[in-house]
Amino acid sequence: MFSTTTDRENFDQVETLLNHKLYGHEEDGVLHGKCDSAGSDEEIQPEEYISLTVNGADMGDLPIEFTVEGIKRNEFPIIGTYVDQRILPGFQYRVRKLGGRNPDRYFFKGEALTLQSIGRGYGKRITFEGENVFYSDTYPSGLALSVVSISAGDQFTVTTPDTEHPVAEARIMEILAQQEIDSEVDEEKNMCKRVRVTFSCDVNYASGHGLMALYSRQRLQVTGTAIVKSTKDTPKAVTTFIEDMELPHHGAVIFRA
């Protein structure tokens, strides 16, 4: 089942962490507009810098308290011995260095990388893909990690929720916000994160879909919930679909990968 001892250790670590838990205008031939989300009253909070006090005892780790300054509401902290329990191997994160004059100093040139493992002990070894390694206690002011479920350029098939009948194709153009809602693990140890996302996308409709035949392509701003999953056999998480959305003239839809 697990190809290496490291895979087994990473999986056991994830289980331990989770068990401790916690219409528009037309421009250049494209119709622009915003879509209301469906099925959820949750709204993504605007980015703002906050102060956060954490203690490892709250998740069964070393009982040491830290104060993290300048973190955003959609980010999870790493500081000293403390690694937020919602930071899980297999998922992609952007990493931002806290402290200093530049609040937007990101590691890996701002790209999101897949977290491979989190070590144990005092200075925990944090390993990302591409042999990118640092330790939890390296930076006195700490680090802030934000989960990434979708990226510009990702493509989805747009379907109806019940019949899964395809009505269009969508390509994500710009990411406006991503904020984790929760994480779950089932009896088979499969993991799932729900991430609230706001993004702009180009929706290309197939000909003959009622009124939308008037517009072959539509630029929309959408808010929905991305479902990101990993399994014990395929530990690298993938976004399988985005739900809780509506499109003009179609109502509720799902973006399927």
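Every number here is computed from the coordinates shown, using simple stated rules; none is lab data. Keep in mind that what you see is a predicted model, and the values were worked out from it rather than measured. We place every Cβ from the backbone using ideal geometry, glycine too, and count neighbours over all the protein chains shown.
Our estimate of slack between residue 240 and residue 137, defined as 0.36 nm per intervening residue step minus the Cα-Cα distance, is 33.6 nm. With a sphere of radius 10 Å drawn around the Cβ of residue 61, what net charge do the other residues whose Cβ falls strictly inside it have (Lys, Arg +1; Asp, Glu -1)? Surrounding charge for residue 61 is +1. Is the shape of segment 49-147 rounded, prolate or oblate, going by the alpha carbon gyration tensor and its root eigenvalues a ≥ b ≥ c, with a/c under 1.5 for rounded and a/b larger than b/c for prolate? It comes out oblate by the Cα gyration axes.
Taking loop as defined by DSSP and a crowding limit of 14 other beta carbons within 10 Å, which chymotrypsin sites (Phe, Trp or Tyr not before Pro) in segment 84-143 fit? Numbers along the way, then the final one.
Working: sites: 91, 93, 106, 107, 108, 122, 128, 134, 135; in loops: 91, 107, 122.
Passing sites in segment 84-143 are 122.
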